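See structure below.
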Amino acid sequence: MIPVRDDLRQLDGYHSPQVDVRVRLNTNESPLPPPDAFRDALASEISRIEWHRYPDRQATELRHAIADWHGVSADMVFAANGSNEVLQTILLTFAGAGRRVATFEPTYQMHAQIARVVGSEVVEGERDADFTLDPAEMRRVVEQHDPHVAFLTSPNNPTGLVEPAERITELLELANGLVVADEAYAQFADWSALSLLDEDRPLVVTRTFSKTWSMAGVRLGYVIGPTWFIRELDKVVLPYHLDAAKQIAGRLALRYVGDMDERVRLIVSERERLSAAMSALPIDVTPSGANFVLFRPTTVGGRELWQRLLDRSILVRDCSGWPRLADCLRVTVGTPDENDAFIHGLQEVLT
Ligand SMILES: *Cc1c(COP(=O)(O)O)cnc(C)c1O
């Protein structure tokens with residue numbers, strides 16, 4: 001065997017076990033597919049792709065469609081293969097070897113994972129026991145480590161908490177580096193950091209087609225930020241990284257905003273129903289602004305509850321062994337039937 005880079009030797013991969021079950025509520029996907037009209041339009045346009053040619057390197061039409069939807073200019077948009085590749089490109093460009101990346105834990109594990117892969121040092125801030133973030137802790141991290149890139153995830157994953165706007169503006173005032181607001185779940189929440197974007201402010205907002213757009217299979221995400229920021233990403237990313245079919249899929253999806261809004265409304269109302277049903281059981285429930293709910297049973301261990309749900313062919317995410325999340329599980333909001341099955345499963349185990 002050939003030894004890997006010294007700094008990668010300790011690194012563990014990203015794990016999310018996929019088990020064959022009746023009710024799969026573990027990866028925060030949409031439980032509903034995109035509309036049939038989208039599939040038909042996509043099939044028809046894909047049949048006309050000139051497969052012997054490279055795709056549009058700038059993804060011009062896709063960028064314009066995303067920009068129009070958000071009411072920004074196309075030179076404020078950069079798209080890539082999932083928001084994970086967007087995050088990787090940001091970190092390759094503004095972090096990398098010898099630089100520092102700040103996260104406020106617990107949060108999305110890929111921020112620290114990608115930062116380490118690109119050779120950066122990860123500096124971790126700690127959230128309070130209720131998973132909110134104390135501004136004094138942000139100040140400590142910034143003063144001690146002066147990070148080149150700092151992440152806030154809103155709504156946060158796996159907690160579901162929406163970050164108040166003040167946290168983002170406070171971090172911008174404190175930090176010298178780039179602030180990345182990861183908004184993979186933004187449409188499920190009641191505000192977005194997009195309203196804070198400004199050409200003179202080092203704030204960028206990442207989004208994905210994987211959750212609200214019901215397109216996890218496509219692998220498409222994007223970031224909106226100042227034009228000087230986007231120009232740097234365009235230099236770093238591989239040429240032709242977005243294939244022709246994906247560019248079409250993203251552009252066509254945006255024609256069905258109404259369907260997306262409707263799915264989001266259903267999921268938000270199901271989320272509230274799930275949270276209320278769980279609160280009636282011996283369970284601590286974290287208030288969620290996303291399409292999932294973090295919860296902690298108080299009369300059995302988290303791992304035991306996870307197994308007993310799995311015995312009923314219901315799969316949720318087991319966070320109970322993660323740092324700072326002892327006994328916590330995370331359930332993705334599913335269809336009304338899937339949510340009923342989950343609630344009944346919980347009731348059987350816990351009462
Ligand atoms: C799901 C998720 C993403 C999405 O990543 P993709 O690569 O676009 O599928 C990004 N950030 C957070 C916080 C997520 O939970």
### Pick from the stretch 211-225, criterion among the hydrophobic types (A, V, I, L, M, F, W, C) and open to solvent by 10 Å² or more (accessible area, probe 1.4 Å), ranking: farthest from the ligand (Cβ to nearest atom)
VAL218
### Message
Can you find a residue that is surrounded by 19 or more Cβ atoms within 10 Å (Cβ to Cβ), more than 16 Å from the ligand (Cβ to nearest atom) and of a type outside the set (Phe, Trp, Tyr) anywhere in the stretch 124-132?
### Response
yes
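Report, by residue number, each residue of the stretch 88-107 that is open to solvent by less than 30 Å² (accessible area, probe 1.4 Å) and within 16 Å of the ligand (Cβ to nearest atom). Explain how you work it out, then say what you get.
As a first pass, look at the stretch 88-107 and keep what is open to solvent by less than 30 Å² (accessible area, probe 1.4 Å): 89-91, 95-96, 101-107.
Once the filter is applied, which keeps residues that are open to solvent by less than 30 Å² (accessible area, probe 1.4 Å) and within 16 Å of the ligand (Cβ to nearest atom), the stretch 88-107 yields THR89, ILE90, LEU91, VAL101, ALA102, THR103, PHE104, GLU105, PRO106, THR107.
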## Note on the structure
Per the list (1) more than 17 Å from the chain's Cα centre (by Cα); (2) under 20 Å from ALA95 (Cα atoms); (3) of a type outside the set (Phe, Trp, Tyr); (4) part of a helix (DSSP H, G or I), residue check on GLY125 breaks on (4)
### Task
Considering only residues that are within 26 Å of THR212 (Cα to Cα) and in a loop (DSSP other than H, G, I, E, B), look in the stretch 270-294 and name the one that is most open to solvent (accessible area, probe 1.4 Å).
PRO287
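Residue-wise test of (1) basic (Lys, Arg); (2) free of Cβ contacts under 8 Å to residues at least 60 places away in the same chain.
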| position | (1), (2) |
| --- | --- |
| ILE2 | no, yes |
| ARG39 | yes, yes |
| ILE46 | no, no |
| ILE49 | no, no |
| HIS52 | no, yes |
| HIS70 | no, no |
| PHE78 | no, no |
| LEU92 | no, no |
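With respect to ASP190, is the statement that it is modelled with pLDDT of 95 or more, over 14 Å from the mean Cα position of the chain (by Cα) and either within 10 Å of the ligand (Cβ to nearest atom) or open to solvent by 10 Å² or more (accessible area, probe 1.4 Å) (or both) true?
no
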### Task
For residues that are among the aliphatic types (A, V, I, L, M) and within 14 Å of the ligand (Cβ to nearest atom), scanning just the stretch 141-170, find the one that is nearest to SER275 (Cα to Cα).
LEU161
## Note on the structure
Scanning the stretch 4-32 residue by residue, those touching a residue at least 60 places away in the same chain (Cβ under 8 Å), within 16 Å of the ligand (Cβ to nearest atom) and not basic (Lys, Arg) turn out to be TYR14, SER16, LEU25, ASN26, THR27, ASN28, GLU29, SER30, PRO31
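Only one residue in MET110, MET138 is assigned by TED's automatic domain parsing to the domain that holds VAL162, part of a helix (DSSP H, G or I), within 15 Å of the ligand (Cβ to nearest atom) and not acidic (Asp, Glu). Which one?
Just one listed residue meets the conditions, MET110.
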### Message
If I ask for residues that are in a loop (DSSP other than H, G, I, E, B) and either modelled with pLDDT of 95 or more or aliphatic (A, V, I, L, M) (or both), which ones from the stretch 325-351 would you list?
### Response
LEU325, ALA326, ASP327, CYS328, VAL333, GLY334, THR335
### Task
Determine whether the stretch 295-314 contains at least one residue that is open to solvent by less than 20 Å² (accessible area, probe 1.4 Å), closer than 21 Å to LEU161 by Cβ and aliphatic (A, V, I, L, M).
no
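Considering only the stretch 46-69, state which residues are open to solvent by 40 Å² or more (accessible area, probe 1.4 Å) and part of a helix (DSSP H, G or I). Break it down into steps so the answer makes sense when it comes.
Of the stretch 46-69, the ones open to solvent by 40 Å² or more (accessible area, probe 1.4 Å) are 46-48, 50-54, 56-58, 60-61, 64, 68-69.
Listed by number, the residues that qualify are ILE46, THR60, GLU61, HIS64, ASP68, TRP69.
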### Task
Taking PHE38 as meeting all but one of (1) open to solvent by less than 50 Å² (accessible area, probe 1.4 Å); (2) outside any helix (DSSP H, G or I); (3) not assigned by TED's automatic domain parsing to the domain that holds ALA115, write down the number of the exception.
(2)
### Query
Looking at the stretch 79-107, which of its residues are part of a loop (DSSP other than H, G, I, E, B) and among the hydrophobic types (A, V, I, L, M, F, W, C)?
ALA95, ALA97
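The values are calculated or read from the model by the stated rules, or taken from the named source; none is laboratory data. It should be emphasised that the depicted structure is a prediction, and the values quoted were computed from it without experimental measurement. A quick note on method: Cβ atoms are made from the backbone with ideal geometry, for glycine too, and the neighbour counts reach across all protein chains shown. Ligands, DNA and RNA are stripped out before the accessible areas are found, and what is left, the full protein with its side chains, is counted by its heavy atoms. Shrake-Rupley method; radii C 1.70, N 1.55, O 1.52, S 1.80 Å.
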